[in-house]
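Reading through the structure tokens given below for one structure.
The values are calculated or read from the model by the stated rules, or taken from the named source; none is laboratory data. All of these numbers come straight from a predicted model, not from anything done at the bench. Cβ coordinates were reconstructed from backbone atoms using ideal geometry, including for glycine residues, and neighbour counts include every protein chain displayed. What goes into the accessible areas is simple: the full protein's heavy atoms, side chains included, and nothing from ligands, DNA or RNA. Shrake-Rupley method; radii C 1.70, N 1.55, O 1.52, S 1.80 Å.
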Amino acid sequence: MSNATFIQEVVKLTNQFRAQKGLAPLSIDLDLNEAAQNHTEDMAFNDYFSHYGLNQSKPWDRAQAAGYETGIVGENIGMGYHSPKAVVNAWINSDSHRAAMLNSRYNEIGVGYYYLDNDTGRVNYNSYWTQLFGKGEIEAASVPTASAPPPPPFPGFDPLQYGASNPDLLVLFNTDTTALAQHYATYGANEGRPTDTFDEMGYLASNPDLLRAFGANGSLATQHYIMYGYTEGRPTNGFQPWQYLASYDDLIRAFGPNPVAATQHFTQYGFGEGRAADIFEEGRYLASNADLIQHFGYDLEAATQHYVTYGIGEGRAKTSFDPVAYLARYGDLQAVFGGDLVGTTRHYIEFGFNEGRIAT
């Protein structure tokens with residue numbers, strides 16, 4: 001891997017670990033990247049390993065010197081690990097380093113890596129790493145403008161959408177709109193490549209921090225994904241529009257079974273109104289309707305879509321099944337599930353109903 005690829009992989013692995021713990025991904029910040037890389041190279045070339053620089057600078061000093069806007073900064077450093085996976089695993093297995101990675105107040109990250117081939121000083125580890133965290137304002141990606149861009153291959157062609165729809169081109173060309181347009185005209189059209197499959201509203205809806213930063217600006221969302229989001233491993237389809245619809249009867253009445261309209265409503269209005277993206281209890285809906293259990297089994301997605309498409313109009317019960325009462329009735333289930341109401345509901349749908357157990 002190249003140095004840049006190593007850095008991108010550390011970001012991706014860090015965000016994957018945060019996602020496992022229910023935390024939002026960290027956005028790459030170029031100032032933090034610069035500060036992290038400078039400190040990494042300083043340690044490698046000047047034969048030391050410390051959070052304090054040779055000039056006694058601290059992580060937040062170095063971040064601000066690189067132009068970072070706040071002093072809310074944390075740092076992990078590592079040495080001797082020859083792959084991103086190895087160093088990230090080492091940080092995860094260390095209490096203090098793991099705490100920094102899982103600090104919920106951080107929303108940005110910068111990473112530095114340097115391999116010193118001829119490492120002959122007192123500190124000889126060849127590989128040096130810095131992971132710098134911060135809390136700042138996520139910046140919109142800036143798109144370079146070409147001096148003489150070629151005409152679009154066809155009316156309405158958006159080169160950034162084309163790049164975001166094809167990750168291999170995203171890696172090659174980033175936001176070079178001229179190169180993207182030329183690629184489609186020369187190769188992409190003949191290859192049958194998609195030109196507009198990236199769902200910018202879905203990307204925004206899947207990442208609340210970007211909604212706060214950009215609002216419902218799809219152009220900025222596309223730029224952010226190309227320049228940062230793809231490398232950060234951000235979700236593009238984490239928002240579930242059917243769940244959002246099912247959570248609010250007024251939206252079903254307004255839009256019907258229209259997931260595109262649901263996503264647009266959440267990005268433009270729902271998020272700002274404080275609407276939750278997923279409060280519909282599809283398991284309880286299934287458990288409350290015996291015919292749906294027989295038809296769908298434990299298919300939660302099908303249950304959600306059924307409620308939006310048919311159930312609300314039919315006046316179906318959503319929460320008549322009471323998992324607390326179901327647990328209280330059966331001591332054997334209490335021993336298995338304790339206070340796990342989701343597991344209890346699933347048991348009724350998959351087993352209890354067919355066993356003739358009483359639901360409430």
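Observations
- Gyration tensor verdict on region 16-95 (Cα atoms; rounded if a/c is under 1.5, prolate if a/b is larger than b/c, oblate otherwise): oblate
- Over 21 Å (Cα to Cα) - which of LYS85/LYS135; LYS21/LYS135; LYS21/LYS85; LYS58/LYS135 fall in this group: LYS85/LYS135
- Net dipole in debye of region 14-93 [+1 Lys, Arg Cβ; -1 Asp, Glu Cβ; about Cα centre; nearest 20]: 460
- For the pair ALA254 and SER94, the difference between a 0.36 nm per residue extended length and the Cα-Cα distance amounts to 52.5 nm.
- Ignoring aspartates and glutamates fewer than eight residues from LYS318 along the same chain, the ones with Cα atoms less than 20 angstrom from its Cα are ASP249, ASP250, ASP278, GLU281, GLU282, ASP291, ASP299, GLU301, ASP340, GLU350.
- Its relative contact order, with pairs defined as Cα atoms under 8 Å and 6+ residues apart, puts the chain at 14 percent.
- By accessible area with a 1.4 Å probe, ligands and nucleic acids excluded, highest first: order of THR304, THR360: THR360, THR304
- Among ARG329, ARG62, the order of accessible area from largest down is ARG329, ARG62, computed with a 1.4 Å probe on protein heavy atoms.
- Heavy atoms of LEU300: accessible area, 1.4 Å probe, square angstrom to 10: 50
- Per residue, the chain exposes 48 Å² of accessible surface when a 1.4 Å probe is rolled over the protein heavy atoms with every protein chain present.
- Projecting the Cα positions of PRO155, TYR203, LEU292 onto the charge dipole of the chain (unit charges on Cβ atoms of Lys, Arg, Asp and Glu, taken about the Cα centre) puts LEU292 furthest along the positive direction.
- Magnitude of the charge dipole for the chain, about its Cα centre and with charges confined to Cβ atoms of Lys, Arg (+1) and Asp, Glu (-1), is about 580 debye.
- Förster radius 41 Å - calculated FRET efficiency between ASP209 and LEU172, Cβ distance, rounded to 0.05: 0.90
- Loop sites in region 240-343: GluC sites (Glu not before Pro), DSSP, at most 12 other Cβ within 10 Å: GLU273
- Principal-axis analysis of the Cα atoms of the chain puts helix 3-20 at an angle of about 30° to the longest axis.
- LYS318 contributes about 70 Å² of solvent-accessible surface, heavy atoms of the protein only, 1.4 Å probe.
- Multiplying the residue separation of THR120 and GLU41 by 0.36 nm and removing their Cα-Cα distance gives an extension gain of 27.0 nm.
- Share of carbon and sulfur in the accessible area of the chain stands at 50%, probe radius 1.4 Å.
- Available extension along the chain between ALA261 and ASP299 is 11.3 nm, counting 0.36 nm per residue and deducting the alpha carbon span.
- Only protein heavy atoms count here; on that basis, with a 1.4 Å probe, SER96 has an accessible area of about 80 Å².
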